[in-house]
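Where a number appears in this text, it was derived from the coordinates with a stated rule and is not lab data. Only a predicted model underlies this, so the values are computations on that prediction, with no experimental measurement involved. Don't worry about glycine lacking a Cβ; one is built from the backbone with ideal geometry, like all the others, and counts go over all protein chains shown.
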Amino acid sequence: MKTSLALLALVISSLSLALQLRGQKPVPPLEKFMVPARLTELEHRMERADVQMIRDSTVMRNGMSVPFIREVTTDHQHIIVRVLISEDDLPKNYDERKKALFGTAVSSSLDVGSEFDLDFSKSNSVVTVQFISLRTLDKTYAEYKGGELTFH
């Protein structure tokens, strides 16, 4: 009798544990970074000014600006990187243009991923690179998402 009660208790506790584990949601990949940084306001503003000066002093290469992080999605699942482009200054040949955009996107994704301790495949699922036309700043020219480059 005691053995069957012990066995029943074990089955019930195992079932309870399995249900608890099944109900857990996966932790968003960027959630662990959503903590206060140990920077003073002065240090934060100096760093932002340095980054802006570097970005402003860099010449566009292949019709593309220096990539920059635009935002983190509200669900903390994705980082959106933007690259401003001058369509007139992009390589004229389609294959060369695609190669240039793809190279910039992969490089940006890897750079961001390395700062957030993401491996290559995780970087591709977390980082999205949007190429925005300078002609109309609300137009996405192309987008790199999930390892694929799509022209719009």
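Dipole check for the chain: with +1 at the C-beta of Lys and Arg, -1 at the C-beta of Asp and Glu, and the Cα centre as origin, the magnitude is about 540 Debye.
A helix-only calculation puts the chain at -15000 deg cm²/dmol for mean residue ellipticity at 222 nm, using -39500 (n - 2.57) for each DSSP H run of at least four residues, averaged over all residues.
Of 121, 108, the sequence from fewest to most neighbouring Cβ atoms within 10 angstrom is 121, 108. Name the residues of the stretch 108-141 whose amide N is less than 19 Å from a point 7 angstrom out from the Cα of residue 54 along the C-beta direction? Within reach of a label on residue 54: 108-118. For the chain, a Gaussian network of Cα nodes joined below 10 Å ranks 132, 54, 79 by mean-square fluctuation, and the top entry is 54. With unit charges on the beta carbon (Lys/Arg positive, Asp/Glu negative), name the residue among 84, 142, 125 whose Cα is farthest towards the positive pole of the charge dipole of the chain. Selected residue: 125. The relative contact order of the chain comes to 17 percent, based on Cα pairs under 8 Å that sit 6 or more residues apart.
Which net charge results for the neighbourhood of residue 68, defined as the other residues with beta-carbon distances under 14 angstrom from its beta-carbon, given Lys and Arg at +1 and Asp and Glu at -1? Summing Lys and Arg as +1 and Asp and Glu as -1 gives -2.
Hydropathy first: keep DSSP H helices in the chain averaging at least 0.5 on Kyte-Doolittle, then drop any whose Cα extent along the axis falls short of 30 Å, and list what survives. Passing helices, by number: 2-23.
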